[in-house]
Amino acid sequence: MQARLRGYGASELCGVSCLADGPDTWFAEIVLAFGGRIEAVVPAEGYRAGLPEGHRATYDALLGQAVEVHRTGLRESCPEAHMAGSEILVRLVDRLVAVWDGKEARGLGGTADVVAYARRVGVPVDVIWPAGATRD
């Protein structure tokens, strides 16, 4: 991710993320480390409660640094809400950076679904999958 973002100047770098644990958070942290700004998408009112307990402090800190927070208006943190959040995210970005192994989504709103949506609406997609990485 660092290599993909390094070419942007701090003033033009704005990352949009749902701030989930893993690549979503790493992306936001890299954007901030490079002097950029972040916007957050909250898929549902209950989203935070569904995150791993050990990730919630990081989520709160990043959410607090977001220059703008976008919400779906949905209450329950479910696959439909996650997909709705991802669709908002895709509509906000010029390019989607996806950490993805190329496999099908395990359920609605997985990375494969988000990549497919971005491609359908004409948003360029950069897929990153480090050599030797495994899905689980």
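Within the range 16-56, which residues are over 18 Å from residue 83 (Cα atoms) and part of a strand (DSSP E or B)? Spell out the reasoning first.
Within the range 16-56, the first condition is being over 18 Å from residue 83 (Cα atoms), and the residues that meet it are 26-38, 52-56.
Listed by number, the residues that qualify are 37, 38.
Taking the conditions exactly as written (more than 30 Å from residue 131 (Cα to Cα) and either over 11 Å from the mean Cα position of the chain (by Cα) or among the aromatic types (Phe, Trp, Tyr) (or both)), does residue 116 satisfy them or not?
Criteria not met by residue 116.
Is it true that some residue in the range 65-87 is among the acidic types (Asp, Glu), closer than 24 Å to residue 129 by Cβ and modelled with pLDDT of 95 or more?
Pass one, the range 65-87, residues among the acidic types (Asp, Glu): 68, 76, 80, 87.
Cutting the leftovers down to closer than 24 Å to residue 129 by Cβ gives us 87.
Still in the running and modelled with pLDDT of 95 or more: 87.
The answer is yes, given that some residue of the range 65-87 is among the acidic types (Asp, Glu), closer than 24 Å to residue 129 by Cβ and modelled with pLDDT of 95 or more.
Which members of the range 108-126 meet the condition of being touching a residue at least 12 places away in the same chain (Cβ under 8 Å), at negative phi and in a loop (DSSP other than H, G, I, E, B)?
The answer is 108, 121, 123, 124.
Looking at the range 103-126, which of the residues that are surrounded by 12 or more Cβ atoms within 10 Å (Cβ to Cβ) and β-branched (Val, Ile, Thr) is nearest to residue 1 (Cα to Cα)?
Here the answer is 125.
Just wondering, is there one or more residues in the range 123-134 that are touching a strand residue (DSSP E or B) at 6+ places or on another chain (Cβ under 8 Å) and among the small types (Gly, Ala, Ser)?
Scanning the range 123-134 turns up no residue that is touching a strand residue (DSSP E or B) at 6+ places or on another chain (Cβ under 8 Å) and among the small types (Gly, Ala, Ser).
Which residue out of 69, 90 is of a type in the set (Val, Ile, Thr), crowded, with 18+ Cβ neighbours inside 10 Å, in contact (Cβ under 8 Å) with a residue 12 or more places away in the chain and under 24 Å from residue 117 (Cα atoms)?
After applying the criteria, what remains is 90.
Could you say which residue among 100, 129 is of a type in the set (A, V, I, L, M, F, W, C), closer than 20 Å to residue 5 by Cα, free of Cβ contacts under 8 Å to residues at least 40 places away in the same chain and out of contact with any helix residue (DSSP H, G or I) (no Cβ under 7 Å at 6 or more places or on another chain)?
The match here is 129.
Scan 39, 45, 80, 29 and give me the residue that is surrounded by 13 or more Cβ atoms within 10 Å (Cβ to Cβ), in contact with a Ser or Thr (Cβ under 9 Å, 6 or more places away or on another chain) and farther than 21 Å from residue 6 by Cα.
On inspection, the qualifying residue turns out to be 45.
The values are calculated or read from the model by the stated rules, or taken from the named source; none is laboratory data. Remember, it's a predicted structure, so these values are computed and weren't measured experimentally. Neighbour counts run over all protein chains shown; Cβ positions are idealised from the backbone, glycine included.
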